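K.L.:
The following block contains the structure, expressed as structure tokens.
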Amino acid sequence: MIYLDNNATTRVAPEVLDAMHPFLSDIFGNPSSSHTLGREMKRAIDESREHVAKLIGASDTSEVVFTSCGSESDNWAIRGVLATHPEKKHIVTTLVEHEAVRNLCHLLENEGYEVTWLGVDHNGELDLDDLRAALRPDTAIVSTMLANNETGVLFPIEEIGRIVHESSEAAFHVDGVQAVGKIPINLENVDLFALSGHKLHAPQGIGALYIRQGISLSPMIIGGGQEQGRRAGTSAVPNIVGLGAACRLAHEDNDHARIERLRNRLEDEILKQIPNARLNGVADRSKRLPNTSNISFEYVDGQNILMHLDQAGICVSTGSACHSTTHESSPTLRAMNVPYTAAQGSIRFSLGRYNTDAEIETTLSVLPEIIAKLAAMSPYDKELSALK
Amino acid sequence: MHREAAYHFFNPRNVGDADEPRFAGRAASLTCGAHVRFSIQVDENHGISQARFRAAGCSDLVAAASLLTEQVIGLTTPEAATITQEPVGIDPQCARLAREALLDAIRDFSNAARDDWAGDEALICTCFFVSERTIEHEIQAHGLTTVTEVSKACNAGAGCGSCHQLIQEIIDTELCT
């Protein structure tokens with residue numbers, strides 16, 4: 001199996017599994033207990049928190065709170081800020097956010113909040129003048145992602161944070177889920193930052209929220225005094241240990257350069273060999289994640305490509321999801337004004353630390369044939385022959 | 001995916017365009033964005049000798065169109081136009097879209113056949129060879145007022161449906177006189 005869907009989730013690293021294993025067998029206990037076992041669990045949590053803080057560059061470990069997932073972190077950050085500032089009813093976010101932010105903001109619109117949705121250009125990039133114009137005295141929070149999950153396009157969070165703090169009193173939340181473990185993180189102008197373990201080889205079911213010192217955030221889960229009283233619920237120690245180990249691995253032994261080389265090879269060859277292939281997202285690779293290529297195969301169907309690749313043992317994802325009632329092309333690609341016939345044929349290749357040169361070559365050896373077969377079946381035959 | 005449907009998706013039959021002279025039709029869905037084209041070749045007995053398709057849509061649509069081409073080759077155009085049987089394991093919406101494209105191709109044929117008709121009486125329904133005079137007679141004899149009633153009385157309009165507008169016009173004329 002060739003796994004090129006690392007933006008969806010990643011394989012648990014053997015190092016992570018090794019670190020977790022004792023906590024799923026011999027070492028157990030409630031970290032809130034005062035006895036030896038409890039204290040041992042507490043120590044493990046503290047150690048993990050240090051690894052997370054180190055990877056993202058938090059100045060103090062107390063700024064890192066463990067949650068159950070990235071979506072919880074995003075929800076908490078936004079709802080927590082709003083609850084702390086009930087007089088502020090304005091939110092700024094973008095049209096290309098992950099559902100955890102996008103759907104929450106839609107919900108908040110129904111709850112009486114006003115949301116300014118910043119658009120992107122055809123490259124997937126923001127116009128920061130739009131942001132400047134959007135900020136108001138009653139803006140409670142600005143929420144943007146760092147790296148887009150579909151295209152890998154990066155938003156300049158240092159600059160966004162600077163503008164937010166210079167021109168308003170809003171808090172700046174960053175959904176960093178797709179970026180952590182893939183690129184260095186700079187939290188200089190960031191107030192809140194969400195991350196998720198399973199995107200960087202920790203198990204599913206663990207996330208964290210960075211809360212800058214001095215930012216007050218209402219808790220969302222009420223109960224015991226875990227996580228300094230900020231997030232109740234018995235700590236998921238094995239998962240927390242897993243996240244810590246994954247962060248340590250990403251910090252000490254990142255494979256970014258090699259992954260980027262593989263991604264570049266894949267992307268270059270696809271764009272060179274396949275006439276109806278076009279890149280979605282800014283061509284300048286320094287403005288994209290090093291592991292992601294989102295490519296549209298115009299006039300053919302993405303789900304068809306996905307199924308043929310799957311049959312060849314290659315896992316990717318598509319921006320078009322077909323259900324019997326809707327065939328929605330991705331909101332991100334729509335916001336970028338990607339033509340419908342291209343958005344329907346979009347495929348996301350997202351690489352990770354376990355991909356090899358041979359896997360990329362295998363993918364390149366089967367993909368052109370699949371696309372050619374589907375192109376031969378396309379009703380857009382005139383448009384396709386014009387591309388050749 | 002159901003096994004037969006998956007087989008047709010991975011090994012689609014009759015892909016492309018029917019040889020000339022051919023009759024073509026298309027259908028698209030605004031809800032799912034799929035687009036399918038059908039083309040057929042028809043012999044002098046109105047038998048479909050070739051059926052080919054092109055599709056950009058989900059795997060169910062590809063499978064449905066592929067299955068449908070196999071199903072209609074050898075049928076007459078009115079037989080093919082009135083297929084209602086749902087293929088196993090395929091989303092009914094996708095199957096319907098494929099049938100719509102086929103029907104559009106059959107209507108393309110019927111319209112051409114009507115234009116080419118060189119008989120003494122004007123031919124209205126090319127599926128069942130019903131002339132204008134027969135339809136007028138049925139309307140007068142039985143006081144018919146709708147296309148459905150005409151189809152029941154003399155089969156006209158019971159095939160591909162390309163003549164429904166013409167039958168309606170005949171009814172309207174008869175009602176005025």
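K.L.:
What number of residues within region A:309-326 are at pLDDT 95 or above, within 13 Å of chain B (Cβ to nearest Cβ) and either in a strand (DSSP E or B) or surrounded by fewer than 20 Cβ atoms within 10 Å (Cβ to Cβ) (or both)?
P.N.:
3
K.L.:
Taking region A:261-280 as the region of interest, how many residues are in contact with a helix residue (DSSP H, G or I) (Cβ under 8 Å, 6 or more places away or on another chain) and away from chain B (no Cβ under 14 Å)?
P.N.:
First, pick out the residues of region A:261-280 that are in contact with a helix residue (DSSP H, G or I) (Cβ under 8 Å, 6 or more places away or on another chain): A:262, A:264-266, A:269-270, A:273-280.
Narrowing the set further to residues that are away from chain B (no Cβ under 14 Å) leaves A:262, A:264-266, A:269-270, A:273-275, A:277-280.
Final tally of qualifying residues: 13.
K.L.:
How many residues are in a helix (DSSP H, G or I), of a type in the set (A, V, I, L, M, F, W, C) and away from every other protein chain (no Cβ under 13 Å) if we restrict to region A:334-357? First the steps, then the outcome.
P.N.:
Just the residues of region A:334-357 that are in a helix (DSSP H, G or I), to begin with: A:334-335, A:340-343, A:357.
The next check asks that each one be of a type in the set (A, V, I, L, M, F, W, C); those that pass are A:335, A:342-343.
Adding the requirement that they be away from every other protein chain (no Cβ under 13 Å) leaves A:335.
Residues that pass the stated criteria total 1.
K.L.:
So A:S385 passes all but one of these: (1) within 14 Å of chain B (Cβ to nearest Cβ); (2) closer than 23 Å to A:T151 by Cα. Which condition number does it fail?
P.N.:
It fails just one condition, (2).
K.L.:
Can I ask one more? Which of the numbered conditions does B:Q165 fail, given that it passes all the others? Conditions: (1) closer than 30 Å to B:S59 by Cα; (2) not in a loop (DSSP other than H, G, I, E, B).
P.N.:
The single condition B:Q165 does not satisfy is (1).
K.L.:
Output the residue which, of all residues in region B:1-57 that are facing another protein chain (nearest Cβ under 9 Å) and of a type in the set (K, R), is nearest to the chain's Cα centre (by Cα).
P.N.:
B:R26
Here is a yes/no grid of residues against (1) more than 14 Å from every other protein chain (Cβ to nearest Cβ); (2) in contact (Cβ under 8 Å) with a residue 60 or more places away in the chain; (3) charged (D, E, K, R); (4) more than 30 Å from A:E158 (Cβ to Cβ):
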position	(1), (2), (3), (4)
A:T292	yes, yes, no, no
A:Y299	no, yes, no, yes
A:E359	yes, yes, yes, yes
A:V366	no, no, no, yes
A:Y380	no, yes, no, yes
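K.L.:
In region B:70-92, how many are part of a helix (DSSP H, G or I) and either touching a residue at least 24 places away in the same chain (Cβ under 8 Å) or surrounded by 15 or more Cβ atoms within 10 Å (Cβ to Cβ) (or both)?
P.N.:
Of all residues in region B:70-92, those part of a helix (DSSP H, G or I) come to B:70-72, B:77-81, B:92.
Narrowing further to those that are either touching a residue at least 24 places away in the same chain (Cβ under 8 Å) or surrounded by 15 or more Cβ atoms within 10 Å (Cβ to Cβ) (or both): B:70-72, B:77-81.
Looking only at that region, the number is 8.
K.L.:
Looking at this structure, is A:E40 assigned to a helix (DSSP H, G or I), within 25 Å of A:L249 (Cα to Cα) and at pLDDT below 95? Working first, answer last.
P.N.:
Working: assigned to a helix (DSSP H, G or I): yes; within 25 Å of A:L249 (Cα to Cα): yes; at pLDDT below 95: yes.
Yes.
K.L.:
Also: Assess whether A:E252 counts as being surrounded by fewer than 22 Cβ atoms within 10 Å (Cβ to Cβ), farther than 30 Å from A:A44 by Cα and either in contact with a Phe, Trp or Tyr (Cβ under 7 Å, 6 or more places away or on another chain) or not aromatic (F, W, Y) (or both). Walk me through how you get there before you give the answer.
P.N.:
On the way: surrounded by fewer than 22 Cβ atoms within 10 Å (Cβ to Cβ): yes; farther than 30 Å from A:A44 by Cα: no; either in contact with a Phe, Trp or Tyr (Cβ under 7 Å, 6 or more places away or on another chain) or not aromatic (F, W, Y) (or both): yes.
So A:E252 does not fit the description; no.
K.L.:
May I pose another question? Please verify whether A:V142 is modelled with pLDDT of 95 or more, closer than 20 Å to A:S350 by Cβ and crowded, with 20+ Cβ neighbours inside 10 Å, treating the condition exactly as stated.
P.N.:
Working: modelled with pLDDT of 95 or more: yes; closer than 20 Å to A:S350 by Cβ: no; crowded, with 20+ Cβ neighbours inside 10 Å: yes.
No, not satisfied.
The rows are residues; the columns are (1) among the hydroxyl-bearing types (S, T, Y); (2) in contact with a strand residue (DSSP E or B) (Cβ under 9 Å, 6 or more places away or on another chain); (3) more than 21 Å from A:G233 (Cβ to Cβ).
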site	(1), (2), (3)
A:H21	no, no, yes
A:F28	no, no, no
A:S33	yes, no, no
A:L37	no, no, no
A:E47	no, no, no
A:S59	yes, no, yes
A:T67	yes, yes, no
A:D74	no, yes, no
A:G80	no, yes, no
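K.L.:
A further question follows. Determine, yes or no, whether A:S48 is farther than 25 Å from A:P156 by Cα, assigned to a helix (DSSP H, G or I), touching a residue at least 60 places away in the same chain (Cβ under 8 Å) and within 22 Å of the chain's Cα centre (by Cα). Give the steps one after another, and end with the answer.
P.N.:
Working: farther than 25 Å from A:P156 by Cα: yes; assigned to a helix (DSSP H, G or I): yes; touching a residue at least 60 places away in the same chain (Cβ under 8 Å): yes; within 22 Å of the chain's Cα centre (by Cα): yes.
Spelling it out, A:S48 is indeed farther than 25 Å from A:P156 by Cα, assigned to a helix (DSSP H, G or I), touching a residue at least 60 places away in the same chain (Cβ under 8 Å) and within 22 Å of the chain's Cα centre (by Cα).
K.L.:
Oh, and also: For the condition in contact with a Lys or Arg (Cβ under 8 Å, 6 or more places away or on another chain), within 14 Å of chain A (Cβ to nearest Cβ) and either in a loop (DSSP other than H, G, I, E, B) or small (G, A, S) (or both), what is the one hit in B:A65, B:A95, B:A101?
P.N.:
Just one listed residue meets the conditions, B:A101.
K.L.:
Would it be correct to say that B:S110 is small (G, A, S), within 30 Å of B:E169 (Cα to Cα), more than 14 Å from chain A (Cβ to nearest Cβ) and touching a helix residue (DSSP H, G or I) at 6+ places or on another chain (Cβ under 8 Å)? Show your work before the answer.
P.N.:
Values: small (G, A, S): yes; within 30 Å of B:E169 (Cα to Cα): yes; more than 14 Å from chain A (Cβ to nearest Cβ): yes; touching a helix residue (DSSP H, G or I) at 6+ places or on another chain (Cβ under 8 Å): yes.
Yes: the conditions hold for B:S110.
K.L.:
Give just the number: which of (1) over 20 Å from the mean Cα position of the chain (by Cα); (2) over 17 Å from A:A8 (Cα atoms) does A:M307 not satisfy?
P.N.:
Every condition holds for A:M307 apart from (2).
The values are calculated or read from the model by the stated rules, or taken from the named source; none is laboratory data. Please read all numbers here as calculations on a predicted model, not as lab measurements. For neighbour counting, all protein chains shown are included, and Cβ atoms are generated from backbone atoms with ideal geometry for every residue, glycine included.
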